[in-house]
Amino acid sequence: MPNNVAASAIEVHPFHDAGSPMTGAERMAANPYRPWPARITSITELTATEKLFEFRLVDECIRNAFHHEPGQFVELSIFGVGEAPISISSSPSKSGFIELCVRRAGRFTEALHKMQCGDIVGIRGPFGRGFPFEKMRGHDILLVAGGLGIAPLRSLINNIHDERSDFGKVTIIYGSKTPQEVMFRNQFEMWRHRKDFDLYLTVDHADETWDGEEGLVTKPFEHLEINPDTTFGALCGPPVMYRFVVQEMRKKGISYDHIYMSFERHMKCGMGKCGHCQIGHQYCCIDGPVFNYWEAKNIQGSM
Ligand SMILES: Cc1cc2nc3c(=O)[nH]c(=O)nc-3n(C[C@H](O)[C@H](O)[C@H](O)COP(=O)(O)OP(=O)(O)OC[C@H]3O[C@@H](n4cnc5c(N)ncnc54)[C@H](O)[C@@H]3O)c2cc1C
């Protein structure tokens with residue numbers, strides 16, 4: 001059955017618990033394994049392999065009850081294909097829709113990339129522990145993203161943007177392998193001219209289209225001026241990046257307590273039940289995916 005038929009079927013036959021005396025939040029909590037139907041409302045091609053999808057939960061009560069922290073993720077399901085954890089890329093300050101930035105990597109993400117606006121997927125969540133936004137409020141922030149690591153950090157960046165007066169100096173470093181792999185170009189292009197964001201875009205291998213820095217994501221640290229006493233660091237990217245970025249943050253004097261990072265581990269349930277993402281005594285899905293430096297240090301192979 002094509003997905004647009006599924007969409008209209010959902011509208012004609014509303015949920016069996018519609019009219020329930022429970023609030024949306026109570027209905028979500030009653031069965032956290034239940035995927036809630038969500039419609040794709042916009043698709044933006046970011047690069048040859050990444051797309052930004054906007055979803056709206058079909059049930060209005062559930063839609064209004066959905067709140068997340070920057071750095072949390074959802075379990076996204078495609079009927080008949082499967083389910084995968086995906087970081088929420090939109091800011092909590094914007095409600096009513098959920099944005100996910102997805103790289104075409106295998107069977108599940110291929111299927112998502114073939115979907116169209118109007119198609120229906122399932123969403124469970126939000127899950128996990130995000131960045132400590134309230135703790136960060138009032139401080140300077142240094143955000144470092146590598147590649148797809150921009151997906152969860154974009155939620156934090158946009159949240160800070162929407163509450164800009166509550167933060168001090170905000171510095172963003174975003175590294176990609178090539179200019180063609182830079183995501184959210186329009187957004188960054190706009191911010192390049194703003195005085196209240198210090199933005200550094202780097203590519204490992206530049207070409208004639210690139211007028212930013214060439215080098216690893218750690219390169220801008222050479223000329224970065226930050227106040228270590230008031231700065232929180234947040235990072236997300238490929239595993240190899242963490243050790244080097246943390247080293248640079250330490251050289252600048254940022255305290256270990258103020259360094260937070262988001263990890264990806266293979267996971268299934270999202271709720272600390274199945275054990276797929278267990279690392280030592282921690283579950284990435286509930287204790288993370290965002291960890292502070294001390295917690296991350298105990299995660300094998302991460303630092
Ligand atoms: C907390 C969390 C947040 C995530 N956020 C995003 C996101 O915002 N955008 C996005 O595109 N992807 C994200 N992922 C990864 C995403 O879940 C996987 O890419 C997806 O499950 C791949 O499914 P697939 O069937 O398309 O590919 P598969 O055929 O399952 O895998 C394709 C390739 O990707 C690798 N892979 C699969 N799952 C993971 C994983 N969890 N971590 C690292 N490598 C993996 C496989 O080893 C293989 O090399 C996230 C994963 C986690 C755990």
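The values are calculated or read from the model by the stated rules, or taken from the named source; none is laboratory data. Note that this is a predicted model, so its numbers are computed, not measured. Note that each Cβ is placed from the backbone with ideal geometry, even for glycine, and that neighbours are counted across all protein chains shown. Please note that ligands, DNA and RNA were not included when accessible areas were found on the heavy atoms of the full protein model with its side chains. Shrake-Rupley method; radii C 1.70, N 1.55, O 1.52, S 1.80 Å.
Brief remarks follow.
- The residues of region 113-131 that are more than 11 Å from the ligand (Cβ to nearest atom) and open to solvent by less than 30 Å² (accessible area, probe 1.4 Å), listed by number, are Met115, Gly118, Asp119, Ile120, Val121, Gly122, Ile123, Arg124, Phe131.
- Conditions (1) open to solvent by 40 Å² or more (accessible area, probe 1.4 Å); (2) more than 14 Å from Ala145 (Cβ to Cβ); (3) of a type outside the set (D, E, K, R): number failed by Tyr200: (2)
- Residue in region 139-153 that is in a loop (DSSP other than H, G, I, E, B), surrounded by fewer than 17 Cβ atoms within 10 Å (Cβ to Cβ) and away from the ligand (no atom under 16 Å from the Cβ) present: no
- Extreme residue, nearest to the ligand (Cβ to nearest atom), among residues of region 73-88 that are part of a loop (DSSP other than H, G, I, E, B) and surrounded by fewer than 24 Cβ atoms within 10 Å (Cβ to Cβ): Val81
- Residue check, Leu156 surrounded by 24 or more Cβ atoms within 10 Å (Cβ to Cβ) and either assigned to a helix (DSSP H, G or I) or free of Cβ contacts under 8 Å to residues at least 40 places away in the same chain (or both): yes
- Residue under evaluation Gly237, criteria (1) touching a His at 6+ places or on another chain (Cβ under 8 Å); (2) small (Gly, Ala, Ser); (3) within 16 Å of the ligand (Cβ to nearest atom), criterion not met: (1)
- In region 251-265 there is at least one residue matching the filter, namely being open to solvent by 70 Å² or more (accessible area, probe 1.4 Å), within 16 Å of the ligand (Cβ to nearest atom) and within 22 Å of Ile86 (Cβ to Cβ).
- Criterion: among the β-branched types (Val, Ile, Thr) and within 26 Å of Lys135 (Cβ to Cβ) - qualifying residue of Ile40, Ile78, Ile86: Ile86
- Any hit, region 165-181, residues being within 15 Å of the ligand (Cβ to nearest atom), open to solvent by 10 Å² or more (accessible area, probe 1.4 Å) and at pLDDT below 95: yes
- Selection over region 215-241 of residues that are open to solvent by less than 10 Å² (accessible area, probe 1.4 Å), more than 24 Å from Gln72 (Cβ to Cβ) and in contact with a helix residue (DSSP H, G or I) (Cβ under 6 Å, 6 or more places away or on another chain) gives a count of 1.
- Where Ala29 falls short, out of the listed (1) within 16 Å of the ligand (Cβ to nearest atom); (2) small (Gly, Ala, Ser); (3) modelled with pLDDT under 95; (4) out of contact with any helix residue (DSSP H, G or I) (no Cβ under 8 Å at 6 or more places or on another chain): (1)
- Subset of region 93-112 that is part of a loop (DSSP other than H, G, I, E, B), open to solvent by 40 Å² or more (accessible area, probe 1.4 Å) and not basic (Lys, Arg) - its residue that is nearest to the ligand (Cβ to nearest atom): Ala105
- Taken over region 282-300, the residue count meeting the criterion of being open to solvent by 60 Å² or more (accessible area, probe 1.4 Å) and either touching a helix residue (DSSP H, G or I) at 6+ places or on another chain (Cβ under 9 Å) or touching a residue at least 60 places away in the same chain (Cβ under 8 Å) (or both) is 3.
- Cβ pairs under 9 Å, 6+ apart, first in region 195-206 and closer than 11 Å to Ile172 by Cβ and part of a loop (DSSP other than H, G, I, E, B), second among the hydrophobic types (A, V, I, L, M, F, W, C) and modelled with pLDDT under 90: Phe197/Trp191
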